[in-house]
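Just below is one structure, and these are the notes that go with it.
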Amino acid sequence: MRSLERNSPLSASHSPHPSRGFTLLEIVLALGLASLLLAALYTALQMHWSSSALGQVEMERTQVARALFRRIETDLRAVVFRDTPLTSSTDTASSSSSGSTTSGTDSSSGASDNSSNSGSATASGSSGSTSSSATTTENYSTQKTGVFGDSQMIVVHCSLPSRATRIGVATNDNTNGVSAEDVSSDMQSVAYFLAGSGSTLAQQFSGSLSSRLAQSTGLARLQGGRMAMQAADESGDLSSMAAGVKLLAPEVASISFEYFDGVSWTATWDSATSNSIPNAVRITIDFLPPVDTGGWYARPVSISTSRFQHTVALPLAQPYVSEDSL
């Protein structure tokens, strides 16, 4: 019986080397290797996320800067300027001398023909009225045209024709429900400034209760008809001027303008004083740093591009002429 149990295949086999468990050293080494692998995987994921976030910030800023530069360049290249004629006083003096000489001649011969003198006086008065009207038109055409600004703001008087949708409105086409009052003049005054800064326009609109920029910061754009803006500026009506203000980019921290006169860059420009427009305008935009949200996957705030610069050439600018060549 014992021999059958000993030879049975169902009987338990007794190995001379019984199996044993892992030692403490092996468990510690396995845990260490697993921790190293997890740390390497986390580092790779964090680097990939940081690179993707930085690329997204750069792409957003580049798109905003390109759009702002394109908008400003469109307005600058459409600037309207007419230089003040230097011979206006000479022409006025010569016309006055000619008029007095003619008047003296008519006085000496006036006794012989009264009807002739009456007709001559009427013609002279009509001519004077025409000359006065032409002078008024010329003064208006040269008044406040060109480029005016400093390092923090710029004002451009430009020609911006209405869109094709507004041309139909001018012909009393009210199919779209738009009245003829919505059609604005193509002669526009456009200004760029930083809301909340120390520039003149920013200070004016920050003190206006009706201004939408009282508590806002960023790059702002003001646009309106040249005559309407001039009348509002002279009367101090800030509410009507504030209606044309739009906040373009609240993420802009600062903006600066420089003006090239053909020789050097200057910080200010006045077309009424210089009787010209700059050959080029250099625009520099600084962005606010990205918001640090904290956490493991926060966007980097120290290595992103914060400054963009663009130079716009004005096609109507005259080339620089030195005093020696005059």
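List of remarks:
- Any chance Ala34 is surrounded by 13 or more Cβ atoms within 10 Å (Cβ to Cβ), modelled with pLDDT of 85 or more and small (Gly, Ala, Ser): no
- The set of residues from region 270-289 being in a strand (DSSP E or B) and under 17 Å from the mean Cα position of the chain (by Cα) comprises Ala280, Val281, Arg282, Ile283, Thr284, Ile285, Asp286, Phe287.
- Residue list for region 167-205, restricted to those being assigned to a helix (DSSP H, G or I) and at pLDDT 60 or above: Thr200, Leu201, Ala202, Gln203, Gln204, Phe205
- All told, Ala164 meets the bar of being under 24 Å from Ala78 (Cα atoms) and at pLDDT below 65.
Rundown of residues vs (1) modelled with pLDDT of 65 or more; (2) surrounded by fewer than 10 Cβ atoms within 10 Å (Cβ to Cβ), yes/no style:
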position: Asp286; (1), (2): yes, no
position: Pro289; (1), (2): yes, no
position: Gly294; (1), (2): no, yes
position: Arg299; (1), (2): no, no
position: His310; (1), (2): yes, no
position: Leu316; (1), (2): yes, no
position: Ser322; (1), (2): yes, yes
position: Ser325; (1), (2): no, yes
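- Candidates in region 57-74 are the residues that are surrounded by 13 or more Cβ atoms within 10 Å (Cβ to Cβ) and farther than 18 Å from Pro250 by Cβ; of these, the one that is modelled with the lowest pLDDT is Glu58.
The values are calculated or read from the model by the stated rules, or taken from the named source; none is laboratory data. Bear in mind that the values here come from a model prediction, so they are computed numbers and not experimental data. Neighbour counts run over all protein chains shown; Cβ positions are idealised from the backbone, glycine included.
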